[in-house]
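The values are calculated or read from the model by the stated rules, or taken from the named source; none is laboratory data. Predicted model only: the values in this text are computed from it and were never measured. Methodologically, a virtual Cβ is constructed for each residue, glycine included, from the backbone with ideal geometry; neighbour enumeration extends over all protein chains shown.
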């Protein structure tokens, strides 16, 4: 559904400024070393105890830093926020990186390499529609206050995002991390974001994955997971939003990314919402390509570089979850959301909403869509209040 983003053929060396922050050396995990074999990004940090300079080495693609908006270095943010317990902060970062790498296929295989371009085209429609790397609108055209920013990920990509905010205390309202589906860019989702902005009265962070819109790099399953983690870290470390005020919402491909993000127990959220979610890429292939059923039946991952395998991940999710699905969706069958919902057994509360006339991209305009989400959130508040009252009575 589109070619990959054209790559810059000429590069210039980047001088990375020395950043003083109380963070000691982070040793790269085995999975991270496998991923970072090229040039290294060296960030100098100062240990607050002995003031010795140490190096933290991460690989960085040779992407030129953008100049049209503020750049937030997620790695530097995490270093700065680890002042109280540096060792614990390092362990948490390594643990999260290991988990992200454990969620993707390591070996492409011969057939996978042959079909790599085909899979990129159909899974990441980052060049559709035409001229999709040009933003057509901005949030202020929809009367929403916003800031255009870039998030520099842990592996050095620059992810473009809109931070849309409500007036007042940031933790006095809910914040939604919106992970969109394949195709288009963040400017194509502004009408939907306006509906959330008005109906839920929330702050919103929406990102373009690497290779989408104005973001650098080329999309991949691993890359999308790292981008989502960077967005979550921005809310926690930069905006200092409490986890109990964050809602992660993913649609279609973004639902798979959202499932991976919240399946990590370190990424605590108030609610996770999965709209038109699918089980895995091989299962979608079986749905569309009947001749592939016998082959995929032998091994679900044969020939696939990208799996986005959500079924084992939903079994680890503990936060409250909402599944939303349109019964007329021509791309993703409804039974996939049902299957994922039934397997989300560890969730403290879960709900499945089906919309009889809903298709793939129009659920937010369906009747009761926002009422369902808001009622679910209100029920959580009632449950929390009841638990607090019981705790007070016991004391």
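A few comments on the model shown:
- Any chance residue 313 is touching a residue at least 24 places away in the same chain (Cβ under 8 Å), in contact with a helix residue (DSSP H, G or I) (Cβ under 9 Å, 6 or more places away or on another chain) and not in a strand (DSSP E or B): yes
- When 140, 127 are checked against the criterion of being free of Cβ contacts under 8 Å to residues at least 24 places away in the same chain and either closer than 21 Å to residue 205 by Cβ or over 19 Å from the mean Cα position of the chain (by Cα) (or both), 140 stands alone in meeting it.
- Residues satisfying the stated conditions in segment 150-175, i.e. touching a helix residue (DSSP H, G or I) at 6+ places or on another chain (Cβ under 8 Å) and farther than 24 Å from residue 272 by Cα: 152, 155, 157
- Answer from 128, 141, 136 - the residue that is out of contact with any helix residue (DSSP H, G or I) (no Cβ under 9 Å at 6 or more places or on another chain) and either assigned by TED's automatic domain parsing to the domain that holds residue 221 or in a helix (DSSP H, G or I) (or both): 128
- Residue check, residue 272 assigned to a strand (DSSP E or B), crowded, with 24+ Cβ neighbours inside 10 Å and assigned by TED's automatic domain parsing to the domain that holds residue 311: yes
- Test: residue 179 is under 24 Å from residue 242 (Cβ atoms) and in contact with a helix residue (DSSP H, G or I) (Cβ under 9 Å, 6 or more places away or on another chain): yes
- The lone exception for residue 87 - which of (1) at pLDDT below 85; (2) buried (at least 19 other Cβ atoms within 10 Å of the Cβ); (3) part of a helix (DSSP H, G or I) it fails: (2)
- When segment 213-254 is filtered for residues that are over 13 Å from the mean Cα position of the chain (by Cα) and within 30 Å of residue 112 (Cβ to Cβ), the ones remaining, listed by number, are 213, 214, 215, 216, 217, 218.
- Hits in segment 257-269 - residues which are over 14 Å from residue 226 (Cβ atoms) and either part of a strand (DSSP E or B) or out of contact with any strand residue (DSSP E or B) (no Cβ under 7 Å at 6 or more places or on another chain) (or both): 263, 265, 266, 268
- Condition check for residue 282: assigned to a loop (DSSP other than H, G, I, E, B) and touching a residue at least 24 places away in the same chain (Cβ under 8 Å): no
- Which listed residue is at pLDDT 95 or above and part of a helix (DSSP H, G or I), from 325, 339: 339
- Residue identified as at pLDDT 50 or above, over 21 Å from residue 159 (Cβ atoms) and outside the structural domain of residue 289 (by TED's automatic domain parsing) among 63, 82, 24, 48: 82
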